[in-house]
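Only the coordinates and a few stated rules stand behind these numbers; no lab work does. Quick caveat, the model's predicted, so the values are computed rather than measured. Reconstructed Cβ throughout: ideal geometry from the backbone, glycine too, with neighbour counts over all protein chains shown.
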């Protein structure tokens with residue numbers, strides 16, 4: 001047999017194997033469809049891709065994919081089946097299912113959280129507190145971290161919250177005096193970055209004053225990178241090489257910064273210096289209790305808190321400013337409350353925060369319409385019946401707080417910004433409001449975040465009148481978290497007859 005004949009036979013064999021593999025894959029797809037086709041859902045775009053084409057088109061057109069989920073939930077009901085190739089997602093909008101599943105420690109996080117383990121092949125959040133799917137290992141991490149979020153510790157942070165918020169007010173005063181327009185989101189991102197760096201890791205970044213600091217850009221790139229990885233072919237897309245390189249460099253910057261910070265703190269401990277009971281100290285304490293914990297594992301939690309402690313609060317504050325400027329009656333009422341409770345004093349005390357009831361309602365309503373972390377997911381180990389539908393095991397259950405917050409059956413006139421939904425006399429949402437998730441895997445930093453948000457917002461309302469510039473959109477962009485697409489471009493002026501007091 002000649003050489004060309006052997007090559008021909010080899011090619012035929014490869015083609016045969018490819019054909020068999022394709023047929024087996026088609027059979028597997030059909031098997032999946034047979035298991036889940038009893039659940040209502042949108043028609044498939046194609047047999048092989050399922051609904052992937054519709055989802056990817058939404059992402060490609062820079063549309064909010066959560067709006068697509070909202071449309072499907074309104075059309076098909078509280079249990080919606082979505083096919084993405086051979087994967088199945090079940091979108092759940094049943095309050096009873098939220099209660100049963102999110103409140104249970106037995107139902108683990110979905111494999112989608114593995115996507116944040118690394119970012120474009122560079123380790124990112126690894127097995128940190130957010131992404132750890134092993135419940136026992138996560139529980140040990142959470143138990144060790146809890147003291148850094150205790151009431152006593154958080155009360156001690158008021159000084160730093162006030163200090164950094166004052167630095168923001170100084171920058172905003174310059175903007176007001178210059179009568180220039182600026183991005184409120186950019187300012188909020190810088191102040192929350194300075195806060196988390198200081199209170200969590202003892203770092204003075206001073207990003208409000210230092211325009212050369214690389215961290216704001218690094219975080220923005222990382223969040224964009226996270227959004228891009230929803231497309232499994234993202235790193236093979238032409239024209240993305242420079243962007244991917246920048247994302248990788250940004251992740252390396254954060255992890256190297258964390259390594260320097262950890263080694264500095266370890267030396268302080270070895271030298272017998274007094275150290276604070278902050279997040280970094282608790283990360284090291286957890287490592288001491290876990291023999292197998294190495295530097296990479298320590299860096300997982302450093303990056304997790306560095307990112308999560310900055311991004312979501314900045315976005316919430318920006319959306320709150322956006323909605324208050326669009327609703328003058330809300331702005332007037334919340335400013336009146338700040339005037340009554342805080343007056344002209346400069347330092348806000350912990351006891352003041354609970355007195356700012358209407359501001360709390362404004363911040364909660366902001367998270368209803370704009371949940372900065374728009375959802376969570378779980379995986380079933382066992383068969384379950386939800387709203388009359390039998391759900392087979394090993395499937396992803398998606399709980400989307402953006403969808404819940406915009407459904408008429410849960411919130412009357414849902415697109416109206418109405419802080420009265422969260423007044424003390426209002427009926428409490430029954431497992432339909434979970435911007436920080438619920439149950440044992442709820443966000444450990446939610447009280448920290450809302451204390452910080454209140455201090456910053458109180459000082460802003462106390463000192464300034466703000467107005468949105470014309471021509472900008474109120475669109476939302478999803479970069480792993482939800483943020484205002486145009487950055488909330490504002491102009492400021494000092495409130496009349498407002499003078500600072502010590």
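Using only alpha carbon positions, build the gyration tensor of region 1-159, then give the equivalent ellipsoid semi-axes as the square roots of 5 times its eigenvalues, largest first, whole angstrom.
On the way: eigenvalues 358, 129, 53 Å².
Each semi-axis is the square root of five times an eigenvalue, giving 42, 25, 16 Å.
Once both labels are modelled 7 Å past Cα along the beta-carbon direction, what's the residue 75-residue 288 spacing in nm?
Placing both labels 7 Å along Cα→Cβ, they lie 5.7 nm apart.
What residues of region 359-388 lie in the reach of a label at residue 332, counting those whose backbone N is under 20 Å from a point 7 Å from the Cα along Cα→Cβ?
Inside the label zone: 359-363.
Order these by the 10 Å Cβ neighbour count, fewest first: 86, 38, 185.
Working: 86 14, 38 11, 185 23.
Exposure proxy ranking, most exposed first: 38, 86, 185.
Taking Cα atoms, how many degrees apart are the long axis of helix 279-289 and the longest axis of the chain, rounded to 10 and kept between 0 and 90?
Tilt of helix 279-289: around 50 degrees.
Given N residues in region 184-224, what is Rg(Cα) / (2.2 N^0.38 Å)?
Ratio of Cα Rg to 2.2 N^0.38 Å: 1.08.
How far is helix 65-76 tilted off the main Cα axis of the chain, in degrees rounded to 10, range 0 to 90?
Once rounded, one gets 70 degrees.
Describe numerically, in nm with one decimal, the distance between label points set 7 Å from Cα along Cα→Cβ at residue 277 and at residue 35.
Roughly 4.7 nm, to one decimal.
Mind running the shape call on region 223-357? Use the C-alpha gyration tensor, a ≥ b ≥ c as the square roots of the eigenvalues: rounded below 1.5 for a/c, prolate if a/b tops b/c, oblate otherwise.
Values: a/c = 3.29, a/b = 1.27, b/c = 2.59.
Judged from the Cα gyration tensor, region 223-357 comes out oblate (a/c at least 1.5, b/c at or above a/b).
How far is the Cα center of region 139-191 from the Cα center of region 209-282, in Å?
For region 139-191 versus region 209-282, the Cα centre distance is 19 Å.
Rg and Dmax of region 286-336, Cα atoms, in Å?
Rg then Dmax for region 286-336, in Å: 19.5, 57.
FRET efficiency for residue 25 and residue 103, Cβ-Cβ distance as r, R0 = 25 Å, nearest 0.05?
Numbers: r = 38 Å, r/R0 = 1.51.
So the FRET efficiency works out to roughly 0.10.
Quick check: pseudo-label points 7 Å beyond the Cα along Cα→Cβ at residue 8 and residue 347, how many nm apart are they?
With each label placed 7 Å out from Cα toward Cβ, I get 9.1 nm.
Gain in length, residue 53 to residue 241, computed as 0.36 nm per residue apart minus the alpha-carbon separation, to one decimal in nm? Don't skip to the end; give the middle numbers.
Numbers: separation 188, 0.36 × 188 = 67.68 nm, distance 2.36 nm.
Here the segment from residue 53 to residue 241 would lengthen by 65.3 nm.
Quick one: if the Förster radius is 35 Å, what FRET efficiency do residue 178 and residue 426 give, using the C-beta to C-beta distance and rounding to 0.05? Kindly include the intermediate steps, with their values, before the conclusion.
Numbers: r = 42 Å, r/R0 = 1.19.
So the FRET efficiency works out to roughly 0.25.
Report the Cα-based extents of region 407-502 along its three principal axes, largest first, to the nearest Å.
44, 38, 29
With N set to the number of residues, divide the alpha-carbon radius of gyration of the chain by 2.2 N^0.38 Å and report two decimals. All intermediate terms of the calculation are to be shown ahead of the outcome.
Values: Rg = 24.8 Å, N = 502, 2.2 N^0.38 = 23.4 Å.
In units of the 2.2 N^0.38 Å rule of thumb, it is 1.06.
Treat the count of other C-beta atoms within 10 Å as a stand-in for reagent exposure and order 208, 102, 13 from fewest to most. Before the final figure, lay out the partial values.
On the way: 208 18, 102 21, 13 10.
Listing 208, 102, 13 from fewest to most nearby Cβ atoms yields 13, 208, 102.
Provide the convex hull volume over Cα atoms per residue for region 414-454, in Å³. Mind dumping the intermediate values first?
Values: hull volume 4.3 nm³, N = 41.
Normalising the Cα hull of region 414-454 by residue number yields 106 Å³.
Taking 0.36 nm per intervening residue step and subtracting the Cα-Cα distance, what contour gain separates residue 136 from residue 151 on full extension?
Details: separation 15, 0.36 × 15 = 5.40 nm, distance 2.49 nm.
Here the answer is 2.9 nm.
Go from 0 up to the bin containing the longest alpha carbon distance in region 165-306, width 5 Å each, and give me the % of pairs per bin.
Each 5 Å bin holds this share of Cα pairs: 2, 8, 16, 17, 15, 14, 13, 8, 4, 2, 1, 0.
Apply 1/(1 + (r/R0)^6) to the Cβ-Cβ distance of residue 493 and residue 206, taking R0 = 35 Å, and write down the FRET efficiency to the nearest 0.05.
On the way: r = 26 Å, r/R0 = 0.75.
The value I calculate is 0.85.
Angle between the Cα long axis of helix 357-369 and the longest principal axis of the chain, 0 to 90 degrees, nearest 10?
Helix 357-369 sits roughly 20 degrees off the main axis of the chain.
Over region 42-117, what per residue volume does the convex hull of the Cα atoms give, in whole Å³?
On the way: hull volume 8.8 nm³, N = 76.
Value for region 42-117: 116 Å³ per residue.
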